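Let me begin by presenting the structure, written as structure tokens, before commenting on it.
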Amino acid sequence: MAWLHTTSKALPNVVRVDPFGGAYGQSRPNLDGMLYPDASYTSYARDGFGRNELVYACIMHKCRTLPQGVLRVYADGQAEPLEDHPLRKLILQPNDVTSEVEFEQILIIHLDLSGSAFILIGRDLFGRPNELWPIRPDLVRVIPAARGDNPRNWRWGYQP
């Protein structure tokens, strides 16, 4: 088994077992001396989504049922959706390599595995959005910006 490791060649009968079932060394001790599992997006994707059939089944069920609902754009006071609206066209084809359904499925997977889903908005020469790219949540860092005394005035930036 991958999670059993001998401690040394001198003591071949001694086996160290990681308490969290991963490869020895994935768990890191905290300042209080306790061992905590690796809580990174990569470990969630590998161990939770990739190796746990229940987690995989739940997330994929959401991915398969989401396309049943269609995102539509409405003008104020109109009952009919605007199919030729630029936002609707952008949602239909978010970027050159991803369809609407694939884009939404990627966002669901990111949101369910990490609790966050980020979208990079590409803009044309006039500043209008023309591309939407999903970004893996573990690759985005929150950057604190100008702060005041009031938390409502705090500004945060994100760095992909």
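The values are calculated or read from the model by the stated rules, or taken from the named source; none is laboratory data. Owing to the predicted nature of the structure, the values given are computational and were not obtained by experimental measurement. Methodologically, a virtual Cβ is constructed for each residue, glycine included, from the backbone with ideal geometry; neighbour enumeration extends over all protein chains shown. The area values use the complete protein model at the heavy-atom level, side chains included, leaving out ligands, DNA and RNA. Shrake-Rupley method; radii C 1.70, N 1.55, O 1.52, S 1.80 Å.
Table for the structure above
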| read-out | value |
| --- | --- |
| Residue list for region 82-107, filter: assigned to a loop (DSSP other than H, G, I, E, B) and either surrounded by 14 or more Cβ atoms within 10 Å (Cβ to Cβ) or among the aliphatic types (A, V, I, L, M) (or both) | Leu82, His85, Gln93, Pro94, Asn95, Val97, Thr98 |
| Whichever residue in region 32-49 is surrounded by fewer than 12 Cβ atoms within 10 Å (Cβ to Cβ) and among the small types (Gly, Ala, Ser) and, among such residues, is modelled with the lowest pLDDT | Gly33 |
| Subset of region 109-126 (residues that are surrounded by fewer than 17 Cβ atoms within 10 Å (Cβ to Cβ), of a type in the set (Val, Ile, Thr) and either in contact with a Phe, Trp or Tyr (Cβ under 7 Å, 6 or more places away or on another chain) or under 24 Å from Thr65 (Cβ atoms) (or both)) | Ile119 |
| Residue list for region 55-81, filter: touching a His at 6+ places or on another chain (Cβ under 8 Å) and open to solvent by 50 Å² or more (accessible area, probe 1.4 Å) | none |
| Scan of region 59-76 for residues that are touching a residue at least 12 places away in the same chain (Cβ under 8 Å) and farther than 18 Å from Lys89 by Cβ, ordered by number | Ile59, Lys62, Cys63, Leu66 |
